[in-house]
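Structure first, commentary second.
The values are calculated or read from the model by the stated rules, or taken from the named source; none is laboratory data. It should be emphasised that the depicted structure is a prediction, and the values quoted were computed from it without experimental measurement. Reconstructed Cβ throughout: ideal geometry from the backbone, glycine too, with neighbour counts over all protein chains shown.
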Amino acid sequence: MALKLRFDNRVAIVTGAGGGLGRAYALELAKRGAKVVVNDLGVSRTGEGASSKAADLLVEEIKSNGGVAIPNYDSVEQGHKIIEAAIKAFGRIDIIINNAGILRDVSVQKMTEKDWDMVIAVHLKGAFILVKAAWKYMREQKYGRIINTSSSSGLYGNFGQANYSTAKLGLHGLTQTLAKEGDKYNIKCNTIAPSAASRMTQDIFTPDLHELLVPEKVVPLVTYLAHENCNENGGLYEVAGGYIGKLRWQRSQGVFYPGTFTAEDVKAKWNEAGNFDGNNDYPSALTDTLQKVMKFIEISKPKL
Ligand code: NAI
């Protein structure tokens with residue numbers, strides 16, 4: 001079957017593409033005609049060391065499949081260098097998949113500032129630096145597709161991952177703002193929260209899960225989000241083992257206190273404030289909140 005969603009003349013950067021999920025994305029994009037910057041610093045799971053081997057091997061593989069790719073070994077913390085490499089080799093940048101990542105898991109009581117800083121620097125600041133350097137090119141060409149990689153740990157929290165969960169939820173914050181700032185330039189940004197077998201999950205998933213949750217089951221969603229036909233913007237998707245689901249904010253009907261009120265009043269209506277059985281809504285901007293507040297104020301005004 002011919003692959004209809006092509007990426008001819010598109011340039012994609014996949015960070016952390018030396019292994020795991022990033023490798024699978026890079027292979028697929030190249031197969032569909034994209035010119036790919038295969039970025040990988042070649043570090044250990046905890047972010048130590050450096051090696052060019054993983055990126056080099058993948059570039060060789062892409063080329064032997066007839067694709068176009070260059071290796072890049074810069075850390076995403078130096079994201080501007082990755083963008084420079086893309087521009088120098090291919091003259092443009094259309095797609096960024098912010099995928100590079102490390103883990104430094106330890107309970108908050110034992111977490112050092114170094115554990116915190118390293119994880120935030122790679123996942124969150126790295127994504128920002130890369131996007132910032134690419135932004136002017138994407139704005140000028142009025143085109144861009146950015147995919148940020150979150151995690152269930154970011155969405156729900158996870159024991160031993162204060163640093164990682166903060167970075168991962170922060171990435172969706174970045175997505176939501178980039179979606180708003182980029183929309184008029186046809187720059188679309190979305191977030192995925194994947195689960196897939198990789199060295200990151202080798203001691204978390206059972207062997208059965210490792211077989212079921214292969215990276216290739218995440219690839220189709222990322223490929224579609226990276227394509228010009230996809231106009232989704234600001235979305236958040238969980239994706240694993242063939243499942244794709246969208247997440248959004250949900251708000252309870254809530255309660256309103258006209259005039260002054262006290263902590264005792266809050267206590268009295270606590271369950272009502274958090275009751276999701278009633279008239280829920282799905283806010284996506286501050287204006288949604290303010291409209292709701294104004295409606296309550298209007299309703300509670302004394303009738304003349
Ligand atoms: P992986 O460990 O196989 O791949 C991560 C790659 O990033 C490695 O090749 C590493 O060398 C590279 N890297 C690390 N620091 C870098 C830096 N500063 N600059 C450039 N490259 C760097 O991990 P996996 O599982 O493929 O993860 C990919 C992304 O997906 C990560 O952001 C991870 O947090 C996220 N994720 C993965 C999940 C899973 O189930 N595998 C679950 C949730 C999120």
Condition check for Pro302: assigned to a loop (DSSP other than H, G, I, E, B) and touching a Ser or Thr at 6+ places or on another chain (Cβ under 9 Å): no
If we only count helices (runs of 4 or more DSSP H) wholly inside the stretch 100-195, which ones have 3 or more residues that are among the aliphatic types (A, V, I, L, M), within 30 Å of Asn9 (Cβ to Cβ) and within 16 Å of the ligand (Cβ to nearest atom)? 126-141
Per the filter on the stretch 196-216, residues within 13 Å of the ligand (Cβ to nearest atom), part of a helix (DSSP H, G or I) and out of contact with any helix residue (DSSP H, G or I) (no Cβ under 9 Å at 6 or more places or on another chain) are Leu212
Does Thr166 count as β-branched (Val, Ile, Thr) and within 18 Å of Ala285 (Cβ to Cβ)? no
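Results for (1) modelled with pLDDT of 95 or more; (2) under 30 Å from Asp277 (Cβ atoms); (3) of a type in the set (D, E, K, R), shown as yes or no for each residue.
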| position | (1), (2), (3) |
| --- | --- |
| Thr201 | no, no, no |
| Thr206 | no, no, no |
| Glu211 | no, no, yes |
| Thr262 | yes, yes, no |
Criterion (of a type outside the set (Asp, Glu), more than 20 Å from Glu228 (Cβ to Cβ) and either touching a Lys or Arg at 6+ places or on another chain (Cβ under 8 Å) or more than 9 Å from the ligand (Cβ to nearest atom) (or both)) met by exactly one of Ile70, Ile82, Ile13: Ile70
Of (1) without any contact (Cβ under 8 Å) to a residue 40 or more places away in the chain; (2) hydrophobic (A, V, I, L, M, F, W, C); (3) more than 26 Å from Gly144 (Cα to Cα), Leu169 fails just (3)
Hey, among Gly242, Gly170, which residue is touching a His at 6+ places or on another chain (Cβ under 9 Å) and surrounded by fewer than 21 Cβ atoms within 10 Å (Cβ to Cβ)? Gly170
Could you check Ala268 against (1) aliphatic (A, V, I, L, M); (2) surrounded by 11 or more Cβ atoms within 10 Å (Cβ to Cβ); (3) within 34 Å of the chain's Cα centre (by Cα) and say which number it fails? (3)
Can you name the residue in the stretch 245-265 that is surrounded by 10 or more Cβ atoms within 10 Å (Cβ to Cβ) and hydroxyl-bearing (Ser, Thr, Tyr) and is also farthest from Val219 (Cα to Cα) among such residues? Tyr257
Would you check if Val219 is within 15 Å of the ligand (Cβ to nearest atom) and modelled with pLDDT of 95 or more? yes
Can you list residue pairs whose Cβ atoms sit under 6 Å apart, with the first residue in the stretch 85-105 being touching a residue at least 12 places away in the same chain (Cβ under 8 Å) and the second being of a type in the set (D, E, K, R) and not in a loop (DSSP other than H, G, I, E, B)? Count only pairs 6 or more apart in sequence or on different chains. Phe90/Lys35; Ile95/Arg145; Arg104/Asp115
Here are some residues: Val255, Val266. Which one is in contact with an Asp or Glu (Cβ under 6 Å, 6 or more places away or on another chain) and either in a loop (DSSP other than H, G, I, E, B) or modelled with pLDDT of 95 or more (or both)? Val255
Residue hits (the stretch 174-191; surrounded by 15 or more Cβ atoms within 10 Å (Cβ to Cβ) and free of Cβ contacts under 8 Å to residues at least 12 places away in the same chain) are none
Applying the selection to the stretch 214-245, what residues are farther than 19 Å from Ile97 by Cβ and without any contact (Cβ under 8 Å) to a residue 40 or more places away in the chain? Gly242, Tyr243, Gly245
Name every residue in the stretch 280-296 that is farther than 24 Å from Gly234 by Cβ and either assigned to a loop (DSSP other than H, G, I, E, B) or in contact (Cβ under 8 Å) with a residue 40 or more places away in the chain (or both), in order of residue number. Phe296
Hits in the stretch 31-71 (condition: under 21 Å from the mean Cα position of the chain (by Cα) and either surrounded by 15 or more Cβ atoms within 10 Å (Cβ to Cβ) or under 22 Å from Arg145 (Cβ atoms) (or both)): Ala34, Val36, Val37, Val38, Asn39, Asp40, Leu41, Gly42, Val43, Arg45, Gly47
Restricted to the stretch 32-46 and to residues being among the basic types (Lys, Arg) and outside any strand (DSSP E or B), the residue farthest from the ligand (Cβ to nearest atom) is Arg32
